[in-house]
Amino acid sequence: MSVIVKGMDMPENCQECECLNVEHFFCQVSGRAPKDENMVKRRPEWCQLIEVPPHGDLIDRDALRDNNCDAFEIKGADGTILAMDVSIIDDAPTIIPASEEEA
């Protein structure tokens, strides 16, 4: 499971991070203790924080396709069935990758 913290800016290093437990000197997300050089220069390679770019509402492509397959077929006035191009769903940008359970 993942958690998004709204309003939190991506820290440049552990020292700036709200996830650092300063009393016991460990990351509350990963459970690891950052090394001194990681504290000041950059986030360590094991950092689990992912910056989420500005975006609209996030949806589940698979659920949209699976639950609304009838909506992608339009019946013409003469009875012919026109298919809507659903590749626009598949080609939509990924804002947050699928979780391991869903991948």
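Of Asp57, Asp70, Asp62, all but one fail to be within 23 Å of Pro97 (Cα to Cα), outside any loop (DSSP other than H, G, I, E, B) and at pLDDT below 90; the exception is Asp62. Based on this model, can you work out whether Phe25 counts as at pLDDT 85 or above and either surrounded by 11 or more Cβ atoms within 10 Å (Cβ to Cβ) or not aliphatic (A, V, I, L, M) (or both)? Yes; evaluated as a whole, the condition is true for this residue. If you check Met8, Met39 for being of a type outside the set (Lys, Arg) and part of a helix (DSSP H, G or I), only one passes: Met39. Pairs meeting the criteria (first residue in the range 5-25 and free of Cβ contacts under 8 Å to residues at least 24 places away in the same chain, second residue among the acidic types (Asp, Glu), beta carbons under 7 Å, at least 6 apart or on different chains) are Met8/Glu18. Leu49 meets the stated requirement of being surrounded by 13 or more Cβ atoms within 10 Å (Cβ to Cβ), under 30 Å from Ile89 (Cβ atoms) and among the aliphatic types (A, V, I, L, M). Evaluated against (1) at pLDDT below 90; (2) surrounded by 12 or more Cβ atoms within 10 Å (Cβ to Cβ), Cys17 falls short on exactly one condition, (1).
The values are calculated or read from the model by the stated rules, or taken from the named source; none is laboratory data. Here the structure is a predicted model, which is why all the values come from computation and not from measurement. FYI the Cβ positions are ideal-geometry reconstructions off the backbone, even for glycines, and counts take in every protein chain you see.
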